[in-house]
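The values are calculated or read from the model by the stated rules, or taken from the named source; none is laboratory data. Just so we're clear, the structure is a prediction, and the values are computed from it rather than from any experiment. Neighbour counts run over all protein chains shown; Cβ positions are idealised from the backbone, glycine included.
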Amino acid sequence: MIRILDIAAKDLSQLMRERSTFLFFLILPIAFTLLFGFAFGGFGKSVADSRLPVGYLDQDNSKLSRQLHELLAASKVIRLDEGDTPQSMSSRVANEKLAAAIIVPAGYGHNLLRGKPARLTLIADTSTPAGTSAESEALTASIHLESAVRTAVIMEGLAGDRSPFDYTFKQALAAWEDPPISVKDTTSSIITKKNVSAALANTSPGTMMQFAIAGLLVAAQVIVTERKTRCLQRLLTTATARSHILLGHYLAIFTIIFSQFVLLIAFAQLVLKLDYLSAPDATLLVATAAALCIAALGLLIGVVAKSEEQAIVLSLVPMFLLAGLGGAMMPLEATSPTFQAIGHISPVAWGMDGFKNIITRGLGVESVLLPVGALLGYAVFFFILAAWRFHVSQES
């Protein structure tokens, strides 16, 4: 055990003397977290409009068609996007740039006032949730408008000047805005509502995982240098077992990666306001498992690489490949189910799942057991490969 600690202490001392250690393990991760956070609007105070974009073309241009526009514009489900021609709006719906398109035909207002059928033209794929929602909003607004018009026409016919059309019409529309029966959605005060920036929630753990792998080029170079200077060969002539050498290097890499996670989690908690500590035990499990996995990968790279240049290539290629597949650069939730399944070949995806279950979904230990298990499985796999390669290289 003492030999393992001595080797780990030697590696850590050597790593701390390298300026690139602080660059890859602390400075660049923080800088890129802030950079991508700003780039993707993670620090913006404005809230994006999440309503469905729906085209709107008024070919009637009457008082009632303008009133319909006001009703639709006030919707919490759709937002109107003014169109120019039916053909262009139909094309935009087909290209999925619009969820639907509403066309108010000429004579719409005249037909409403005369009690004749007044139909709107809806361009939408009603087999999709977006098309169904747009159809429902258009139907609701037209029903409200039509009922208000009929009420105003009837009241004016019965009471004459005592109930003019405009006055009754406005009162009827106001009644629809404040119906006698309403549903109010409330949340228990026991449940904490999380307000997390989606950009930062992906950028923070993604950057941690990505630069932990990138930093392996520094750690791997220590092992390569040890072999090139024949320090390893001299060490093997002593009573130090090969397993002690491997475990010593592994402990050093794990220590520095785990320390990096601790520092970046603290930065995200205090500066970015991402609540990693809502479930500290879960965060500790994910960070430990991820550090064990990445440290085992770094040990494998150090054993396989024969030169500093190879160590750099073997560190940077996994960084881009595993980080890209695992959703560190783009959330896997925004991709197809097939790509999400492929992405989970990368251990980065499991680390991302664990951290995001905590900071965005507010879940606890139970939610990270599967990601932690996957990361530990990868750690065992990489370590066994490194041990086998180290044994073979020393035998040859």
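Worth pointing out:
- Single unsatisfied condition, Ala349 versus (1) over 17 Å from the mean Cα position of the chain (by Cα); (2) at pLDDT 90 or above: (1)
- Residue match in the stretch 34-48 (condition: within 30 Å of Ala328 (Cβ to Cβ) and either at pLDDT 90 or above or β-branched (Val, Ile, Thr) (or both)): yes
- Exactly one residue among Leu251, Leu263, Leu247 is surrounded by fewer than 16 Cβ atoms within 10 Å (Cβ to Cβ), modelled with pLDDT of 80 or more, in a helix (DSSP H, G or I) and not assigned by TED's automatic domain parsing to the domain that holds Leu68, and that residue is Leu263.
- Of Phe339, Phe320, Phe381, Phe355, all but one fail to be over 21 Å from the mean Cα position of the chain (by Cα), over 17 Å from Val224 (Cα atoms) and among the aromatic types (Phe, Trp, Tyr); the exception is Phe381.
- Filtering the stretch 320-339 to residues that are loosely packed, with under 15 Cβ neighbours inside 10 Å and under 19 Å from Gly215 (Cα atoms) leaves Phe320, Leu321.
- Counting only residues that are of a type in the set (Gly, Ala, Ser) and outside any helix (DSSP H, G or I), the stretch 270-282 holds 1 of them.
- The criterion of at least 1 residues that are in contact with a Pro (Cβ under 8 Å, 6 or more places away or on another chain) is met by the following helices (runs of 4 or more DSSP H) wholly inside the stretch 283-396: 308-326, 347-359, 365-395.
- Selected residue (only one of Ala94, Ala74, Ala106, Ala152 is surrounded by 15 or more Cβ atoms within 10 Å (Cβ to Cβ) and either hydrophobic (A, V, I, L, M, F, W, C) or at negative phi (or both)): Ala152
- Residue check, Gln59 surrounded by fewer than 16 Cβ atoms within 10 Å (Cβ to Cβ) and modelled with pLDDT of 75 or more: yes
- Any hit, the stretch 163-186, residues being assigned to a helix (DSSP H, G or I), at pLDDT 80 or above, surrounded by 13 or more Cβ atoms within 10 Å (Cβ to Cβ) and hydroxyl-bearing (Ser, Thr, Tyr): yes
- Pair list, Cβ < 9 Å and 6+ apart or interchain, from the stretch 74-85 residues that are in the same structural domain as Asp58 (by TED's automatic domain parsing) and within 13 Å of Ala138 (Cβ to Cβ) to residues that are among the acidic types (Asp, Glu) and surrounded by 10 or more Cβ atoms within 10 Å (Cβ to Cβ): Ser75/Glu137; Val77/Glu137; Ile78/Glu137
- Any hit, the stretch 340-356, residues being exposed (fewer than 15 other Cβ atoms within 10 Å of the Cβ) and of a type in the set (Lys, Arg): no
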